[in-house]
Amino acid sequence: MSNSVSVANENGVAIVTIDNPPVNALSFHVREPLMQALVALRDDAEVAAIVLACAGRTFVAGADITEFGKPVQQPDLRAVVALLETIAKPTVAAIHGTALGGGLELALGCHFRVANTGARLGLPEVKLGLLPGGGGTVRLPRLVGAVKALRIIVSGTPVGAQEAHGAGLVDAVFEGDLTAHAVNFAREIARKGGPFTPVRDRDDLLKETDLATFDAEVVDLARKARGLEAPIACAQAVRNAVTLPFDDALAAERALFVTLVASDQSRAQRHLFFAEREAAKLPGKDTPKRRIGRVGVIGAGTMGGGIAMAFANGGFAVTLLETSQEALQRGLGMIEKNYTVSVARGSLSEDAKRDRLAQFKGSTDYADLADCDLIIEAVFEDMAVKKEVFGKLDAIARPGVILATNTSYLDINEIAASVSRPQDVLGLHFFSPANVMKLLEIVRAEKTAPDALATVVDLARRVGKVAVVVGVCHGFVGNRMLAARGSESEALLLEGATPGQIDKAFTDFGWPMGPFQMGDLAGLDIGWRNRKARGLTAVISDTLCEQGRFGQKSGRGFYLYEAGARAGVPDPEVEALIREKAAERGIEPRAIGADEIIERTLYPLINEGAKILEEKIAARASDIDVVWVNGYGFPIGKGGPMFWAGLEGAAKIIERLEYWHQRTGKDVFKPAPLLKRMAETGSWDGSAAA
Ligand code: 3HC
Ligand code: NAI
């Protein structure tokens with residue numbers, strides 16, 4: 001018995017309870033007493049059956065991730081599961097909350113699994129750059145079949161109790177007191193008598209595997225893996241379960257796990273797991289929160305509509321305000337259309353669509369926002385328009401209402417100063433499409449009250465967003481760094497790289513798309529208008545826009561798009577235009593390699609991140625990684641730009657930045673002092689310094 005594991009006996013059925021808050025991870029201080037308890041119960045003639053349950057909010061949510069990369073303390077999870085399988089009396093896992101990773105693998109060591117209706121079961125290791133390393137790839141296929149197991153393991157997405165029951169993973173689903181039901185279940189099974197077959201010996205389903213179907217799925221997932229090693233290793237391990245004897249497949253799984261856990265990709269993905277949780281933490285944990293019932297959204301355009309949907313999806317009542325009935329109806333119509341698409345895709349039921357739509361109230365009268373607790377404006381990106389809107393809000397909103405702007409670039413301190421309650425003003429910078437994209441930059445202005453900030457951080461989580469608190473500067477963290485990344489794009493074109501070569505260097509690096517593909521998708525006119533407003537030029541992009549080439553929406557941008565096509569093809573006209581503009585400037589085209597493309601785009605991105613840290617616009621380097629992975633598609637296997645800088649080596653980055661600074665004189669290449677400190681200490685906060 002220990003604090004982490006306790007045993008009770010209910011008339012011959014032993015209940016082993018794991019209690020390791022917050023998520024019952026299988027730390028060494030759980031495994032050791034668990035092993036001892038199981039050995040004792042195996043040999044105890046008074047015990048007819050064993051129920052394995054958990055205290056607190058969930059069944060075991062996995063191995064203890066903080067132990068990875070350290071020497072393994074025995075017994076490891078595999079030893080505990082192996083021991084479970086030597087027990088002749090029936091063993092039953094009672095699952096509530098989430099049985100994830102090592103948690104599900106532990107349950108797979110039992111003869112039976114029962115769950116309550118709300119339970120979810122999954123093997124999310126792939127999201128940490130790993131594969132299930134406690135026998136999951138070898139045992140799950142024996143219960144649900146190889147193809148279903150492949151899908152569960154490679155997606156990392158948990159399945160609900162009912163689906164798990166239907167698939168054969170769970171033997172019974174109960175409502176009400178799960179432990180009581182599990183004890184009755186175990187007693188009844190024990191009464192009927194054995195022998196009870198451990199999962200490792202159930203081969204029937206495996207024999208039915210159609211390897212051709214299996215391999216076809218693997219080809220498809222390898223294409224989607226975009227350089228990630230873990231999904232491929234997962235597939236290999238599940239295939240081994242079909243083709244190799246159990247013990248050989250188990251050993252192969254272990255070997256793959258050991259390789260992956262030491263890989264940079266897994267380190268990067270584990271870094272992101274903790275980074276996302278860290279980003280949501282504010283100093284002053286117990287800051288009171290304001291109550292948010294109804295949310296107001298001003299402007300039903302691209303962003304306003306998406307923001308309104310994000311809140312409605314999170315269960316909030318929403319008042320959507322526009323300048324005219326026509327604009328309002330257009331916005332509401334777009335929202336309805338989006339929900340209709342979700343219904344058609346099967347991700348939303350008709351009833352849910354009706355319920356969501358019932359949460360919206362449209363208006364053209366600011367007085368209708370008077371009962372809102374949070375009001376977010378998403379009107380045109382123009383300081384005068386924003387101030388006019390905030391002036392109206394100041395007049396009608398109740399005291400204590402949080403007033404937020406979705407501005408991409410404007411000075412939120414200036415907006416806050418224009419109202420009588422700057423303490424209630426902050427930025428909520430959503431990303432497009434706002435109902436889909438996970439990232440939310442929460443912009444803390446100079447006078448934002450701590451409880452207003454704490455309230456929106458909490459709210460972000462409730463509507464499924466990954467929140468990062470940032471300070472005020474032009475473009476905040478994401479767009480400011482994006483500008484640094486893009487500063488050399490045109491120069492690279494003029495010097496001889498094609499849009500296709502640059503985009504390919506990006507996709508080979510692991511990005512979902514390159515900068516020109518992204519520009520064409522978002523609309524080149526957005527940047528064009530922005531540049532014009534700031535007196536800036538970009539000769540190629542500006543010329544394309546002058547020719548009406550705005551990207552996908554006009555069928556032509558940096559690429560050509562066949563009617564309705566989303567993938568562009570290279571356009572000789574664009575390449576001729578680039579050569580013409582280069583010749584006008586006396587630039588002789590030369591071959592430019594992928595390495596040069598990466599260092600002239602991504603090194604300035606990192607350098608800007610370092611400046612952002614110096615200015616305390618972001619609190620931690622890992623916050624910047626969270627922004628770039630969730631908002632801009634930075635490859636997860638590289639952990640975000642600041643983590644990747646560590647892999648790449650700060651000294652190398654500085655050397656190349658200095659080289660390009662000398663050649664171009666551009667500020668983006670001037671190494672930030674913090675980057676130099678990173679080169680000396682090996683960490684962004686200097687914590688690794690001797
Ligand atoms: N190990 C160590 N710490 C963990 C952990 C784990 N497996 N899972 C969660 N935590 C920590 C979090 O870091 C957080 O710590 P903090 O409060 O100090 O920031 C705390 O537990 C609470 O976590 P969340 O904020 O994420 O809590 P939620 O209630 O939102 O979510 C959860 C709960 C769904 C269980 C979520 O935490 C989760 O998805 N956890 C990871 C699950 C996972 O990946 N399991 C597989 C691990 S790898 C493995 O098992 C390998 C095996 O095959 C050998
Ligand atoms: P949009 O042009 O699609 O929508 C703006 C809407 O605001 C229009 O429907 C307009 O009728 C309405 N509007 C204008 N003045 C108004 C007023 N006084 N009262 C009520 N409604 C008014 O613009 P979009 O793209 O939605 O941008 C809105 C804001 O979001 C801008 O500040 C923009 O910088 C920001 N943003 C945009 C992103 C994008 O990808 N489009 C991403 C993140 C932020």
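The values are calculated or read from the model by the stated rules, or taken from the named source; none is laboratory data. These numbers were taken from a predicted model, which means no experiment stands behind them. Note that we place each Cβ from the backbone using ideal geometry, even for glycine, and neighbour counts take in every protein chain shown.
What single numbered condition from (1) assigned to a loop (DSSP other than H, G, I, E, B); (2) within 16 Å of Ala93 (Cβ to Cβ) fails to hold for Pro21?
(2)
Can you confirm whether Leu108 is free of Cβ contacts under 8 Å to residues at least 60 places away in the same chain and either surrounded by 23 or more Cβ atoms within 10 Å (Cβ to Cβ) or closer than 22 Å to Val13 by Cβ (or both)? Break it down stepwise before answering.
Numbers: free of Cβ contacts under 8 Å to residues at least 60 places away in the same chain: no; either surrounded by 23 or more Cβ atoms within 10 Å (Cβ to Cβ) or closer than 22 Å to Val13 by Cβ (or both): yes.
Spelling it out, it is not the case that Leu108 is free of Cβ contacts under 8 Å to residues at least 60 places away in the same chain and either surrounded by 23 or more Cβ atoms within 10 Å (Cβ to Cβ) or closer than 22 Å to Val13 by Cβ (or both).
Here is a check on your reading of the model: is Arg200 more than 20 Å from Val154 (Cβ to Cβ), away from ligand 1 (no atom under 14 Å from the Cβ), assigned to a loop (DSSP other than H, G, I, E, B) and touching a helix residue (DSSP H, G or I) at 6+ places or on another chain (Cβ under 6 Å)? Talk me through it step by step, then tell me what you get.
Working: more than 20 Å from Val154 (Cβ to Cβ): yes; away from ligand 1 (no atom under 14 Å from the Cβ): yes; assigned to a loop (DSSP other than H, G, I, E, B): no; touching a helix residue (DSSP H, G or I) at 6+ places or on another chain (Cβ under 6 Å): yes.
No, not satisfied.
Taking the condition away from ligand 1 (no atom under 16 Å from the Cβ), assigned to a loop (DSSP other than H, G, I, E, B), in the same structural domain as Lys465 (by TED's automatic domain parsing) and small (Gly, Ala, Ser), does Gly315 pass? Lay out the reasoning, then the answer.
Numbers: away from ligand 1 (no atom under 16 Å from the Cβ): yes; assigned to a loop (DSSP other than H, G, I, E, B): yes; in the same structural domain as Lys465 (by TED's automatic domain parsing): yes; small (Gly, Ala, Ser): yes.
Considered against the rule, which asks whether it is away from ligand 1 (no atom under 16 Å from the Cβ), assigned to a loop (DSSP other than H, G, I, E, B), in the same structural domain as Lys465 (by TED's automatic domain parsing) and small (Gly, Ala, Ser), Gly315 comes out as yes.
Quick one: count up the residues across the range 429-444 that are closer than 14 Å to Gly478 by Cβ and without any contact (Cβ under 8 Å) to a residue 60 or more places away in the chain.
Result for the range 429-444: 4.
Can you tell which of Asp451, Asp508, Asp458, Asp424 is closer than 23 Å to Arg226 by Cα and of a type in the set (Asp, Glu)?
Working: Asp451 fails: closer than 23 Å to Arg226 by Cα; Asp458 fails: closer than 23 Å to Arg226 by Cα; Asp424 fails: closer than 23 Å to Arg226 by Cα.
The unique qualifying residue is Asp508.
Tell me, please, whether a residue that is of a type in the set (D, E, K, R), in a helix (DSSP H, G or I), modelled with pLDDT of 95 or more and surrounded by 19 or more Cβ atoms within 10 Å (Cβ to Cβ) can be found in the range 241-252. Don't jump to the end; show me each part of the working.
Residues of the range 241-252 that are of a type in the set (D, E, K, R), as a first pass: 247-248.
From the residues that got through so far, the ones that are in a helix (DSSP H, G or I) too are 247-248.
Subset that is modelled with pLDDT of 95 or more: 247-248.
Narrowing the set further to residues that are surrounded by 19 or more Cβ atoms within 10 Å (Cβ to Cβ) leaves none.
Checked the range 241-252: no residue is of a type in the set (D, E, K, R), in a helix (DSSP H, G or I), modelled with pLDDT of 95 or more and surrounded by 19 or more Cβ atoms within 10 Å (Cβ to Cβ).
Does any residue of the range 344-355 turn out to be among the hydroxyl-bearing types (Ser, Thr, Tyr), more than 33 Å from the chain's Cα centre (by Cα), away from ligand 1 (no atom under 16 Å from the Cβ) and more than 15 Å from Met309 (Cα to Cα)? Write out each step before concluding.
To start, the set of residues in the range 344-355 that are among the hydroxyl-bearing types (Ser, Thr, Tyr) comprises 347, 349.
Keeping just the survivors that are more than 33 Å from the chain's Cα centre (by Cα) gives none.
No, the conditions are met nowhere in the range 344-355.
Table: residues versus (1) assigned to a helix (DSSP H, G or I); (2) within 15 Å of ligand 2 (Cβ to nearest atom); (3) in the same structural domain as Ala397 (by TED's automatic domain parsing); (4) without any contact (Cβ under 8 Å) to a residue 12 or more places away in the chain.
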position: Leu320; (1), (2), (3), (4): no, yes, yes, no
position: Ala327; (1), (2), (3), (4): yes, yes, yes, no
position: Gly331; (1), (2), (3), (4): yes, yes, yes, no
position: Thr340; (1), (2), (3), (4): yes, no, yes, no
position: Ala344; (1), (2), (3), (4): yes, no, yes, yes
position: Leu348; (1), (2), (3), (4): no, no, yes, yes
position: Lys353; (1), (2), (3), (4): yes, no, yes, no
position: Gly362; (1), (2), (3), (4): no, yes, yes, no
position: Ala367; (1), (2), (3), (4): yes, yes, yes, no
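Answer yes or no: is there a residue in the range 140-149 that is closer than 16 Å to Leu250 by Cα, within 26 Å of the chain's Cα centre (by Cα) and either not charged (D, E, K, R) or not in a loop (DSSP other than H, G, I, E, B) (or both).
As a first pass, look at the range 140-149 and keep what is closer than 16 Å to Leu250 by Cα: 140-143, 146, 149.
With within 26 Å of the chain's Cα centre (by Cα) added as a condition, the list becomes 140, 149.
Still in the list and also either not charged (D, E, K, R) or not in a loop (DSSP other than H, G, I, E, B) (or both): 140, 149.
Taking every residue of the range 140-149 in turn, at least one turns out to be closer than 16 Å to Leu250 by Cα, within 26 Å of the chain's Cα centre (by Cα) and either not charged (D, E, K, R) or not in a loop (DSSP other than H, G, I, E, B) (or both).
Would you mind telling me which numbered condition in (1) assigned by TED's automatic domain parsing to the domain that holds Val470; (2) touching a strand residue (DSSP E or B) at 6+ places or on another chain (Cβ under 7 Å); (3) at pLDDT below 95 Ala280 fails?
Against the list (1) assigned by TED's automatic domain parsing to the domain that holds Val470; (2) touching a strand residue (DSSP E or B) at 6+ places or on another chain (Cβ under 7 Å); (3) at pLDDT below 95, Ala280 comes up short only on (1).
Go through Arg267, Arg202, Arg151 for me and flag whichever is in contact with a Gly (Cβ under 8 Å, 6 or more places away or on another chain) and of a type in the set (D, E, K, R).
On inspection, the qualifying residue turns out to be Arg267.
To keep it simple, each residue is scored yes or no on (1) buried (at least 16 other Cβ atoms within 10 Å of the Cβ); (2) modelled with pLDDT of 95 or more.
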residue: Phe316; (1), (2): yes, yes
residue: Glu322; (1), (2): yes, yes
residue: Leu328; (1), (2): yes, yes
residue: Leu332; (1), (2): yes, yes
residue: Lys337; (1), (2): no, yes
residue: Ala344; (1), (2): no, yes
residue: Ser347; (1), (2): no, no
residue: Glu350; (1), (2): no, yes
residue: Arg354; (1), (2): no, yes
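Taking the condition of being in a helix (DSSP H, G or I), touching a residue at least 24 places away in the same chain (Cβ under 8 Å) and among the aliphatic types (A, V, I, L, M), how many residues in the range 507-546 meet it?
6
State which residue is farthest from Val47 (Cα to Cα) when the search covers only the range 161-207 and only residues that are surrounded by 17 or more Cβ atoms within 10 Å (Cβ to Cβ) and of a type in the set (Gly, Ala, Ser).
Checking each candidate, the answer is Ala167.
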